[in-house]
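The values are calculated or read from the model by the stated rules, or taken from the named source; none is laboratory data. Everything numeric in this text was worked out from a predicted model, so none of it was measured. Quick reminder, even Gly has a Cβ in these numbers, built from the backbone with ideal geometry, and neighbours come from all protein chains shown.
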Amino acid sequence: MRAAIGLDTSCYTTSAAIADENGEIIGFQRKLLPVQPGTCGLRQSEAVFAHLKQLPELVEELMAEAKEADISAVIASATPRDAEDSYMPVFTVGRSFGRAMASTLKVPYYETSHQMGHILAGMIGNPPIAGPFVAMHISGGTTETLLCEGDTVRLIGQTLDLHAGQLVDRIGVQLGFGFPAGAALEQLAMQAVPEARLPVSLARGDLDCHLSGAETQAKRWLEAGEYARETVAAELFDFLARTAARMLAAACRETGAQTVLLVGGVASSVLLRDMIPARLNKLGCYANVLFGKREYASDNAAGVARLGMRRQLETEGLPCRF
């Protein structure tokens with residue numbers, strides 16, 4: 001079976017995947033970057049070094065997992081976003097490794113962005129989306145709404161300060177959880193019922209948001225012992241759901257899109273997958289709300305690999321089934 005290798009070396013995760021000519025993920029490996037307890041991430045230089053150590057091992061495991069694959073292309077996420085000024089040192093690891101692999105295998109090499117990889121990974125397991133749609137990318141490094149059509153994206157709205165994943169991780173680490181803290185904080189949040197104590201802060205007709213005020217208030221509550229730990233956690237997820245819903249409703253009004261796709265690590269939250277659609281309905285926005293498979297929500301190379309296979313088929317003039 002012909003296939004493409006995809007590589008993604010983000011600020012949080014080293015990952016590699018293989019997609020076949022039907023768009024099926026036949027190999028998938030990922031490993032979080034090592035972070036010291038009590039901290040919220042790594043410096044770029046530390047992350048680059050970690051990727052250099054982890055990526056060869058992951059690729060070895062990947063090739064053992066899909067040893068029957070006939071590799072036809074290699075693709076890497078070379079930038080954070082599809083923008084001329086988009087750059088982070090961590091992505092040079094995947095880019096350099098991918099170019100070397102393609103040269104050794106004598107196959108074409110392609111590049112994409114980390115964000116496009118998230119969007120395409122979010123489509124795995126969902127029916128094809130007809131026409132333009134709104135994607136919300138919510139993670140530790142991004143909180144944006146985008147108008148997507150084909151392989152092009154246009155920024156519609158964004159956070160003006162803190163990212164959603166940063167908010168979750170900072171409060172989670174303050175509560176003593178390891179980084180990333182999303183899963184542990186969510187389990188704590190499930191033990192309480194929120195009452196919308198954190199006001200949302202939006203701008204530009206609800207297209208943009210501010211999240212740093214919620215961090216400040218949540219830290220004050222914890223330091224003062226004003227609310228129980230589980231109450232603070234529940235309020236935080238409720239705040240994110242209300243903020244995301246308002247931004248998505250505004251993006252749908254702005255673009256006329258009838259479908260929204262939520263991607264990124266924060267979008268793997270079970271709570272948010274229930275709360276955001278419910279909030280959208282309360283706002284009178286009845287868009288078709290889609291989430292990708294949870295295993296492909298956090299940083300991963302699955303969508304990157306699928307795009308590599310698609311580009312190779314298109315280059316050869318062959319039909320693409322996905």
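A few points about this structure:
- The single residue among 188, 155, 198, 147 that is touching a Phe, Trp or Tyr at 6+ places or on another chain (Cβ under 9 Å) and closer than 30 Å to residue 307 by Cα turns out to be 147.
- Among the conditions (1) outside any helix (DSSP H, G or I); (2) in contact (Cβ under 8 Å) with a residue 40 or more places away in the chain; (3) out of contact with any helix residue (DSSP H, G or I) (no Cβ under 6 Å at 6 or more places or on another chain), the only one that residue 154 does not satisfy is (2).
- Residue check for residue 134: surrounded by fewer than 17 Cβ atoms within 10 Å (Cβ to Cβ), β-branched (Val, Ile, Thr) and either part of a loop (DSSP other than H, G, I, E, B) or within 20 Å of the chain's Cα centre (by Cα) (or both): no
- Residue that is surrounded by the fewest Cβ atoms within 10 Å (Cβ to Cβ), among those in the range 1-35 that are outside any strand (DSSP E or B) and of a type in the set (A, V, I, L, M, F, W, C): 1
- Among all positions in the range 220-238, there is at least one residue which is closer than 21 Å to residue 183 by Cβ, of a type in the set (Ser, Thr, Tyr) and out of contact with any Cys (no Cβ under 6 Å at 6 or more places or on another chain).
- Looking only at the range 288-320, and only at residues there that are under 15 Å from the mean Cα position of the chain (by Cα) and assigned to a loop (DSSP other than H, G, I, E, B), the one that is surrounded by the fewest Cβ atoms within 10 Å (Cβ to Cβ): 293
- Taken over the range 142-159, the criterion of being farther than 20 Å from residue 201 by Cβ and either assigned by TED's automatic domain parsing to the domain that holds residue 42 or crowded, with 16+ Cβ neighbours inside 10 Å (or both) is satisfied by 146, 147, 148, 153.
- Residue within the range 54-67 that is without any contact (Cβ under 8 Å) to a residue 40 or more places away in the chain, within 27 Å of residue 179 (Cβ to Cβ) and among the aliphatic types (A, V, I, L, M) present: no
- Search result, residues across the range 58-83 that are touching a Lys or Arg at 6+ places or on another chain (Cβ under 8 Å) and of a type in the set (D, E, K, R): 70
- Scope the range 205-231; condition buried (at least 16 other Cβ atoms within 10 Å of the Cβ) and on the phi > 0 side of the Ramachandran plot; matching residues: 206
- Pair list, Cβ < 7 Å and 6+ apart or interchain, from the range 74-97 residues that are touching a residue at least 12 places away in the same chain (Cβ under 8 Å) and of a type in the set (Ser, Thr, Tyr) to residues that are surrounded by 22 or more Cβ atoms within 10 Å (Cβ to Cβ) and in a strand (DSSP E or B): 77/8; 77/112
- Scanning the range 259-270 for residues that are surrounded by fewer than 22 Cβ atoms within 10 Å (Cβ to Cβ) and either among the acidic types (Asp, Glu) or in contact with a strand residue (DSSP E or B) (Cβ under 6 Å, 6 or more places away or on another chain) (or both) yields a single hit, 259.
- Subset of the range 167-186 that is touching a helix residue (DSSP H, G or I) at 6+ places or on another chain (Cβ under 8 Å) and of a type outside the set (A, V, I, L, M, F, W, C) - its residue that is surrounded by the fewest Cβ atoms within 10 Å (Cβ to Cβ): 178
- Residue check, residue 99 in a loop (DSSP other than H, G, I, E, B) and more than 14 Å from residue 17 (Cα to Cα): no
- When 112, 79, 104 are screened for being more than 19 Å from the chain's Cα centre (by Cα), modelled with pLDDT of 95 or more and among the polar types (S, T, N, Q), only 104 passes.
- The residues in the range 173-187 that are within 20 Å of residue 262 (Cβ to Cβ) and either in contact (Cβ under 8 Å) with a residue 24 or more places away in the chain or in contact with a strand residue (DSSP E or B) (Cβ under 6 Å, 6 or more places away or on another chain) (or both) can be counted, and the count is 4.
- Number of the exception - residue 93 against (1) part of a helix (DSSP H, G or I); (2) surrounded by fewer than 20 Cβ atoms within 10 Å (Cβ to Cβ); (3) not acidic (Asp, Glu): (2)
- Residue match in the range 232-243 (condition: at pLDDT 95 or above, at negative phi and surrounded by fewer than 18 Cβ atoms within 10 Å (Cβ to Cβ)): no
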